[in-house]
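Input: one structure, supplied below.
The values are calculated or read from the model by the stated rules, or taken from the named source; none is laboratory data. Here the structure is a predicted model, which is why all the values come from computation and not from measurement. We place every Cβ from the backbone using ideal geometry, glycine too, and count neighbours over all the protein chains shown. Note: areas computed on protein heavy atoms with side chains; ligands, DNA, RNA excluded. Shrake-Rupley method; radii C 1.70, N 1.55, O 1.52, S 1.80 Å.
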Amino acid sequence: MTGFTDQQKRWLEGFTSGLAARKAATPTAATVQPIGPDALQYAAQDRAVAAGGKLVAEEKAKRQRHPLDRWDEVVERSEKAEFPKGIDVFLTKYHGLFYVAPAENSFMCRLRIPNGIMNAWQMRGLADAADSFGGGYADVTTRANLQIREIPADHAVDLLLAVQELGLTARGSGADNIRNVTGSPTAGIDPQELIDTRPLCSAMHHYILNHREMYGLPRKFNIAFDGGGKVPVLEDTNDIGFVAARAVDELYFRLQLGGITGHQDFAHETGVLLKPGECVKVAGAVVRAFIAHGDRTNRAKARLKYVLDRMGRAEFLKEVEKEYGAPLRRVSGLLLDPRPLADKHGHIGVHPQKQPGLNYLGVVLPVGRITSEQMRGLADISERFGSGTLRLTVWQNLLISDVADKDVGVCVAALAALGIGVEASAIRRGLVACTGNAGCKFAASNTKGHALRLADHLELRVAVDLPINIHLTGCHHSCAQHYVGDIGLLACKVERGEDSVEGYHVYVGGGAASTAEQAMAREYARDVVFDELPLLIEKLLSAWLAHRADPTESFFEFCRRHEVDALRDLAARAPLRALAA
């Protein structure tokens, strides 16, 4: 400090020591305790790093700037007619936009429709949006939801705004978020239901939208409410499954956790019983425990199932109780009534409601696709003959409710004029297919197109007289739940000489708890090119019809009664139906 007076030197010493003290008192970025709704996510990330882990790219991007704070970027790209690149493809899914190149050079928008129930004016509005900003059609998904496809970059925000103006949203419908909340499609109208799931799905939906911490998950998450109705919800394939139950004169929901059938695991019973009014808060506690303990370093092991595997179910429930703030009620000591069984194909046909003189009509939609013209027609029919209510199902179809007995016939005729109906063969009733490689970059085969061709083949050759479900899924993500189908088809590429062609691995004997058939399908065949698949399935179904124990034995029961090798042998010797040239 040469050249300074003693007074100046003392002032500078005081100044520098003050800076040093201030620096020592100011926490570094690594030691700042996160606050606010994002605190759970940041704290979980910090613990992962402190334990020697390395955050995956998605976690780093979420930490750098929360995806919900990137709206201006979405708008700017849309104004420039640009699609996202790199990690922005993932982040844009938080706003419900999925860039699906190279399958299509466009966006897909997935909505949020709690319990899958919407009204006629919303359906009309979505038809208009699909025409103006998309491909002029929509797909019903396996989460009782709608997707609009073929959205160009410059209309991405136009589509989102059109959806919001209808009282709907796409927020958080993709990426590391809680997907559309599903519930019983016949909620409030089903003669056998125990609990109406509509208010619960709505409450859960708005809880998610209004709690920012619900967007801090390490991976995707599914929630479903089964109220004991006639149409299966496949709640046991969800991360959280609520199953209606009666004990003496009280109604409860059984809490199930950890379903992820693509990883070959159903949701497990926790032994917890909840009153309906407790479900949403408990679900929030489960999600927060998942946020705190989910894996941030390995996305292949980041789902709730793997937290339960690592911690154990009892230990995880303790964490849920901490988040909930109270012990959870256990089923011990209570005798529950048997579960009301669902109808495997109860989503198709005409069915009486609990309201005298009214009916709901299950409409067949070929592999879930409807044109904008059909969307408007369905809206008109639901208003003209019903209450203007449309109910989507996880079976890729919809119901029109509140149709008077006297109007059923004319309603069916009006549907036929749209090119759709309420009846179909046993094959087509339970046919489920994901988007496939026509619109999804992960899919290995054209699942929707193959599903229709497979149905055409089988209907002509096999007289199936009992309900059967065939699920075609394009990749290991298993959006079409191939492991819970009577026959599950997982797309793959098959080498044929120097070519790679579309084919499938074949699984048999899967089912869900709601129809008393809970089981993972077993592998029956691998690497079957599609051209050879219809005959393989024909032989398998023919073997069932020829060798079932009695005319009432289902395909599921037949498959579970035999080892896979025995099924292959029976199919090899099965009689085939000759067709006239």
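Show me, bin by bin at 5 Å from 0, the whole-percent P(r) of the range 95-244 based on Cα pairs.
Cα pair-distance distribution for the range 95-244, in percent: 2, 10, 18, 21, 18, 16, 10, 4, 1, 0.
I need the P(r) histogram for the range 25-128: all alpha carbon pairs, bin width 5 Å from 0 out to the longest distance, whole percents.
Result, from short to long distances: 2, 9, 16, 16, 15, 15, 12, 8, 4, 3, 1, 0, 0 percent.
When the chain is fully extended, how far beyond the present Cα-Cα distance does residue 263 get from residue 69, taking 0.36 nm per residue of separation?
66.6 nm
Please give the contour-minus-distance gain from residue 80 to residue 526: 0.36 nm per residue of separation, less the Cα-Cα distance, rounded to one decimal in nm.
This chain segment gains 156.0 nm when fully extended.
Ok, one more. How long are the three semi-axes of the equivalent ellipsoid of the range 146-216, in whole Å, if each is the root of 5 times an eigenvalue of the C-alpha gyration tensor, listed from largest down?
28, 16, 11
For residue 238, enumerate residues with amide H under 5 Å from its amide H, sequence gap 5+ or separate chain, H modeled in the peptide plane.
Here 259, 267 satisfy the definition.
In terms of Cα to Cα distance under 13 Å, which aspartates and glutamates are near enough to residue 322, apart from those fewer than 8 places away along the same chain?
Cross-link targets: none qualify.
In degrees between 0 and 90, to the nearest 10, how far off the longest principal axis of the chain does helix 313-324 point, with axes built from Cα atoms?
Result, in degrees: 60.
So who's got an amide H within less than 5 Å of the one on residue 387, skipping anything under 5 residues away but keeping other chains? H placed 1.01 Å off N, in plane.
The answer is 401.
Now for a different question. Return the calculated 222 nm mean residue ellipticity for the chain, to the nearest 500 deg cm²/dmol, obtained by summing -39500 (n - 2.57) across DSSP H runs with n ≥ 4 and dividing by the residue count.
-10500 deg cm²/dmol
For each pair in 448/493; 93/220; 93/318; 220/275; 85/220; 93/301, compute the distance between the two Cα atoms and list the pairs where it is over 23 Å.
93/318; 220/275
Something else: Listed highest first by mean packing, meaning other Cβ atoms within 10 Å per residue, what order do 51-59, 298-306, 90-98 come in?
With the highest mean Cβ count within 10 Å placed first, the list reads 90-98, 298-306, 51-59.
Continuing with this model, one more query. Kirkwood Rh and Cα-based Rg: tell me the resulting Rg over Rh for the chain, rounded to two decimals.
Here Rg/Rh amounts to 1.04.
Could I ask something else about it? Please pull out the direction-averaged projected area of the range 452-581, using the convex hull of its alpha-carbon atoms, in nm² to one decimal place.
Reported value for the Cα convex hull: 8.8 nm².
State the percentage of accessible surface on the range 106-186 attributable to carbon and sulfur atoms; use a 1.4 Å probe and exclude ligands, DNA and RNA.
Heavy-atom surface of the range 106-186 belonging to carbon and sulfur, 1.4 Å probe: 47 percent.
Based on the alpha-carbon gyration tensor of the range 499-551, what equivalent-ellipsoid semi-axes (square roots of 5 times the eigenvalues) come out, in whole Å, largest first?
Its equivalent ellipsoid spans semi-axes of 25, 17, 7 Å.
A further question on this structure: Using only the Cα atoms of the range 408-464, what semi-axes does the equivalent ellipsoid have when each is the square root of 5 times a gyration tensor eigenvalue? Give whole Å, largest first.
26, 17, 8
Return a whole-number percent for the relative contact order of the chain, with Cα pairs under 8 Å and 6 or more residues apart as the contact set.
11 percent
Show the residues, 5+ positions off or on another chain, whose built amide H is closer than 5 Å to the amide H of residue 229.
194
Another one. Just the C-alpha atoms of the range 301-460: what Rg/Rh do they give, with Rh taken as the Kirkwood radius?
Dividing the radius of gyration by the Kirkwood radius yields 1.11.
What ³J(HN,Hα) values, in whole Hz, does the Karplus curve 6.51 cos²θ - 1.76 cosθ + 1.60 give for the range 140-153 when θ = phi - 60°, with x put for Gly and Pro?
Coupling constants for the range 140-153: 7, 9, 7, 10, 6, 9, 10, 10, 10, 10, 6, 8, x, 4 Hz.
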